[in-house]
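S.K.: One structure, pasted below without further comment.
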Amino acid sequence: MNARILILNGPNLNLLGQRQPEIYGAETLDDVIASCRRLGDELDLEIEAAQSNHEGELVERIHAARGTVAGIIINPAAYSHTSIAILDALNAFDGKVIEVHISNIHKRESFRHHSYVSARADGIIAGCGTEGYRLALRRLASILS
Ligand code: DQA
């Protein structure tokens, strides 16, 4: 059976393509997820996707992934820099976790330099644009095989 992967996006990423395109690019979140589904078909990975602007909903989505999903690709967006709750939820998930940031958070304001989620991530991709999600998928295919 194909491994299931959850692609989870945090606040404001529903505005991808419209929001600060000079930083986050022109692809919409629907474009990103569609391209990940196509790549998932090639890699024999089944893609689930969710986005929320609410911390508790992201926590609940991670809980629901326990025991049902082999890996999570997460862009926690601004919650990366603030959310111990998302870190704790990921610590209760026993699959692989790849953290993605579209922009290079280390090249930006200092408040973006620290991510709580990085303490749990098996891999981190930052500054590769929306291609980072596809790179993360390839990495999961490689570590799950
Ligand atoms: C982001 C970087 C975060 O600092 C920011 O709050 C986001 C997006 C990124 O993908 O580059 O919303 O996670």
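S.K.: Given the options Ile105, Ile33, Ile72, state which has the largest fluctuation in a GNM of the chain using a 10 Å cut-off (strictly under) for Cα springs.
M.R.: Ranking Ile105, Ile33, Ile72 by mean-square fluctuation puts Ile105 first.
S.K.: Residue by residue, what Karplus-based ³J(HN,Hα) values in Hz, rounded to whole numbers, does segment 57-67 have, using 6.51, -1.76 and 1.60 with θ = phi - 60° and x for Gly and Pro?
M.R.: Result, rounded to whole Hz: 5, 5, 4, 5, 5, 5, 4, 5, 7, 4, x.
S.K.: What accessible area per residue comes out for the chain, rounded to a whole number of Å², with a 1.4 Å probe?
M.R.: That works out to 48 Å² for each residue.
S.K.: Extension gain His63-Gln20, at 0.36 nm per residue separation less the Cα-Cα distance, in nm?
M.R.: The His63-Gln20 span can extend by a further 12.4 nm.
S.K.: Give me the net charge for the shell around Ala78: Cβ to Cβ below 15 angstrom, other residues only, Lys and Arg +1, Asp and Glu -1.
M.R.: -1
S.K.: If contacts are Cα pairs under 8 angstrom and at least 6 residues apart, what is the relative contact order of the chain in percent?
M.R.: Relative contact order, the chain: 27 percent.
S.K.: I've got another one for you. P(r) for the chain, please, calculated from all Cα pair distances in 10 Å bins and given in %.
M.R.: 12, 47, 35, 5, 0
S.K.: What full-extension length gain, to one decimal in nm, is calculated for Ala85 and Asn104 as 0.36 nm per residue of separation minus the Cα-Cα distance?
M.R.: That works out to 4.5 nm of additional length.
S.K.: Ignoring ligands, DNA and RNA, what percent of the accessible area of segment 1-142 is carbon or sulfur (1.4 Å)?
M.R.: The value for segment 1-142 is 47 percent carbon and sulfur by accessible area.
The values are calculated or read from the model by the stated rules, or taken from the named source; none is laboratory data. Note that the structure is a prediction, hence the values are computed from the model and not measured. So basically every Cβ, Gly included, is an ideal-geometry build from the backbone, and we count neighbours across all protein chains shown. Ligands, DNA and RNA are excluded from the accessible area calculation, which covers all protein heavy atoms including side chains. Shrake-Rupley method; radii C 1.70, N 1.55, O 1.52, S 1.80 Å.
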